[in-house]
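For reference, the structure discussed in these notes is given below.
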């Protein structure tokens, strides 16, 4: 049981799950324990996301997902500064 608990706590830390509830998900063997933790991770992540969205709706903030690809090309800092009259 101690070995399963150590493995479960390690998994929870890796997945940024609350480690203090891990003991409730210990199963008969490692496979069952990991399956239980996987289901917990899925439900926990969904609940956190729902809470975040609810909080943003309360304050009237809404964010759309941005483009995940990195910006192409280089940025000319001098031209940007000149365009907003930061530097002459």
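I'd like to compare 10-16, 34-40: which one has the highest average count of other Cβ atoms within 10 Å, and what's the full order after that? All intermediate terms of the calculation are to be shown ahead of the outcome.
Numbers: 10-16: 13.3, 34-40: 15.7.
Averaged packing, sorted descending, gives the order 34-40, 10-16.
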Given 0.36 nm per residue, what is the gain on full extension from residue 39 to residue 5 after removing their alpha carbon distance, in nm? 10.6 nm
If packing is taken as the mean number of other Cβ atoms within 10 Å per residue, what is the order of 48-57, 22-31, highest first? 22-31, 48-57
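Normalised by the number of residues in the stretch 2-61, what is the relative contact order in percent for Cα pairs under 8 Å and 6+ residues apart? Could you put the intermediate results ahead of the total?
Working: 32 pairs, mean separation 16.3, N = 60.
Answer for the stretch 2-61 is 27 percent.
What is the Rg over Rh value, at two decimals, for the stretch 2-61, using alpha-carbon atoms and the Kirkwood definition of Rh?
On the way: Rg = 14.2 Å, Rh = 12.4 Å.
Here the Rg-to-Rh quotient is 1.14.
Where a number appears in this text, it was derived from the coordinates with a stated rule and is not lab data. These numbers were taken from a predicted model, which means no experiment stands behind them. Every residue, glycine as well, gets a Cβ built from its backbone with ideal geometry; the counts of neighbours run over all protein chains shown.
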